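**Student:** Below is a structure I'd like to ask you about.
The values are calculated or read from the model by the stated rules, or taken from the named source; none is laboratory data. Since we're looking at a predicted model, the values are computed, not measured. Heads up, the Cβs are rebuilt from the backbone with ideal geometry, glycines too, and the neighbour counts pull from every protein chain shown.
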Amino acid sequence: MKAAIVTIGDEILIGQIVDTNSAWMAQNLTLAGFEVEEMQSIGDDAQQIKDTISDVFQRVDVVLMTGGLGPTKDDITKKTLCEYFDTTLVFDDAVLDNIKNVISNFTSLNELTRNQAYVPKDCTVIQNRVGTAPITWFDYKDKVLVSMPGVPHEMRYVMENEILPRLKNKYDIEAYIKRVFIVKGYTESALAMYIADFEDNLPQGFGLAYLPSLGLMKLRLFVRGEHRLPEMEAEVKKLQALLGDAIIAEEDITPEKILGARLFEKGLTLGTAESCTGGNIAHMITSVSGSSNYFKGSVVSYANEEKVNVLHVSQENIDKYTAVSEIVAAQMAKGAQNLLNVDCVIATTGIAGPDGGTEENPVGTVWVCTVYKNKSITKRYQFGKYRESNIIRASNNGMLQLLEMIDNDTY
């Protein structure tokens, strides 16, 4: 069964926002058993929208569209769909009730928002429980078109809870089964070389995807059909034996969630002392629901005087070794542990870039000190030239370094 994804919005075409919807939908449609034939981004132009629908309907069975459903004048998708399917807009009281419920806690109903309760007459209306724009489902001959909001969290909620279940119910197709592994300590090429024999000997129909992130790797093993579950479990055991402790999780999960679960499980508390990461580790940790159970706080000691005044780093050591040094990272961590009264600390100091590098400490140099109870490890990492990726790499490696200490529990 073939599908196409169409994202609508001038803001996508001019680069004002990045289209993350298409990649997410493609991944989840594929796992559900659909073949995604194409993805397109088009502008807020009625004729272009209609031409695109006619074009893709020649090649696919399902068209998923996002965008253009807001309350402003440039949001023309509903009106254009009415023109294409030769129908009219009608007012839907159930949609209005849902809109009122969604906005009740933070704003009042105005005329523009009320107008979102107008929907095409000849379609199935699906309520949007997390937003004000309803979803419209058109059965057209033997094909389906679904129009959803472009706001990513709304689209994902609707896809997971409404659209994918309905598509699976409508079309009798075999979904993929998958297993995900989060792997530490390898680059993509190094991991591919290490498990090359495993990959070469996978049974017919199996696939292995390498999904690199900054500081860790994600492996996805997949095959179509629930009847192949015994084979999947056999291949999983082979991969587990091959990679051993390099596998830090067997689900699609972030480092901050892995670390948070371990801290909560063991009743440990955490604090951070951050210079070059500028509070990013604390941000990642606190993005996880329930992190207040183990995270006590952070000191962002970006300036040297704050390292000295707040964390009691030795000015003499800064003068002698510079702020980007093993001893300063260690003193930052110890100072944060004393100040915050925590079991564990992640401390970072380095040169994120793109400026500020020296011959001794080029851009991308980061010292990370992790403390677990009364033991500590300080490591030097050498990343690249790009500031944002260096910050993320340092953050991920800091969390993984602490996670390794906790899991080994021999330090």
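**Student:** For the condition assigned to a strand (DSSP E or B), over 29 Å from residue 376 (Cα atoms) and free of Cβ contacts under 8 Å to residues at least 12 places away in the same chain, what is the one hit in 211, 221?
**Tutor:** From the options 211, 221, the qualifying one is 211.
**Student:** Same structure again: State which residue is nearest to residue 262 (Cα to Cα) when the search covers only segment 297-334 and only residues that are crowded, with 17+ Cβ neighbours inside 10 Å and of a type in the set (Lys, Arg).
**Tutor:** 334
**Student:** Moving on. Kindly indicate whether residue 197 is modelled with pLDDT under 95, farther than 27 Å from residue 80 by Cβ and surrounded by fewer than 18 Cβ atoms within 10 Å (Cβ to Cβ).
**Tutor:** Judged against the criteria, residue 197 is not a match.
**Student:** Could you tell me which numbered condition residue 168 fails, if it satisfies all but one of (1) modelled with pLDDT of 95 or more; (2) assigned to a helix (DSSP H, G or I)?
**Tutor:** (1)
**Student:** Still on this structure, I have one more. Would you pick out the residues in segment 126-171 that are among the small types (Gly, Ala, Ser) and closer than 20 Å to residue 27 by Cβ?
**Tutor:** If the condition is that a residue be among the small types (Gly, Ala, Ser) and closer than 20 Å to residue 27 by Cβ, then 150 is the only one that fits.
**Student:** How many residues, within segment 190-208, are in contact with an Asp or Glu (Cβ under 9 Å, 6 or more places away or on another chain) and either part of a helix (DSSP H, G or I) or within 30 Å of residue 390 (Cβ to Cβ) (or both)?
**Tutor:** Number of matching residues: 3.
**Student:** Moving on to the next point. Quickly run through segment 178-207 and pick out the residues that are within 30 Å of residue 364 (Cβ to Cβ), without any contact (Cβ under 8 Å) to a residue 60 or more places away in the chain and more than 20 Å from the chain's Cα centre (by Cα).
**Tutor:** Residues satisfying the conditions are 189, 190, 191, 192, 193, 194, 195, 196.
This table checks each residue for (1) assigned by TED's automatic domain parsing to the domain that holds residue 373; (2) at pLDDT below 95.
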{"site": "230", "(1), (2)": "no, no"}
{"site": "239", "(1), (2)": "no, no"}
{"site": "245", "(1), (2)": "no, yes"}
{"site": "260", "(1), (2)": "yes, no"}
{"site": "263", "(1), (2)": "yes, no"}
{"site": "267", "(1), (2)": "yes, no"}
{"site": "273", "(1), (2)": "yes, no"}
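**Student:** Going by what's in this entry, would residue 162 be described as under 20 Å from residue 36 (Cβ atoms), under 26 Å from the mean Cα position of the chain (by Cα), part of a helix (DSSP H, G or I) and not basic (Lys, Arg)?
**Tutor:** Yes; evaluated as a whole, the condition is true for this residue.
**Student:** Just checking, which of 18, 95 is more than 20 Å from residue 124 (Cα to Cα), free of Cβ contacts under 8 Å to residues at least 60 places away in the same chain and among the β-branched types (Val, Ile, Thr)?
**Tutor:** 18
**Student:** Something else now. Looking for whichever is buried (at least 16 other Cβ atoms within 10 Å of the Cβ), of a type outside the set (Lys, Arg) and more than 27 Å from residue 267 (Cβ to Cβ) here; the options are 349, 378. Which one fits?
**Tutor:** Every option except 349 fails the conditions.
**Student:** Looking for whichever is under 18 Å from the mean Cα position of the chain (by Cα) and either farther than 30 Å from residue 304 by Cβ or of a type in the set (Asp, Glu) (or both) here; the options are 220, 224. Which one fits?
**Tutor:** Of 220, 224, the one residue that is under 18 Å from the mean Cα position of the chain (by Cα) and either farther than 30 Å from residue 304 by Cβ or of a type in the set (Asp, Glu) (or both) is 220.
**Student:** Moving on to the next point. Please state which of the following conditions residue 399 fails to meet, knowing it meets all the rest: (1) touching a Lys or Arg at 6+ places or on another chain (Cβ under 9 Å); (2) modelled with pLDDT of 95 or more; (3) closer than 20 Å to residue 280 by Cα.
**Tutor:** All conditions pass for residue 399, except number (1).
**Student:** For segment 185-210, give me each residue that is closer than 28 Å to residue 175 by Cα and small (Gly, Ala, Ser).
**Tutor:** Result: 192, 196, 205, 207, 209.
**Student:** Which ones in segment 332-367 are assigned to a strand (DSSP E or B) and closer than 12 Å to residue 272 by Cα?
**Tutor:** 344, 345, 346, 347, 348, 349
**Student:** Residue pairs, Cβ under 7 Å, 6 or more apart or interchain, first in segment 298-323 and not assigned by TED's automatic domain parsing to the domain that holds residue 356, second aromatic (Phe, Trp, Tyr) and modelled with pLDDT of 95 or more. List them.
**Tutor:** Qualifying pairs under 7 Å: none.
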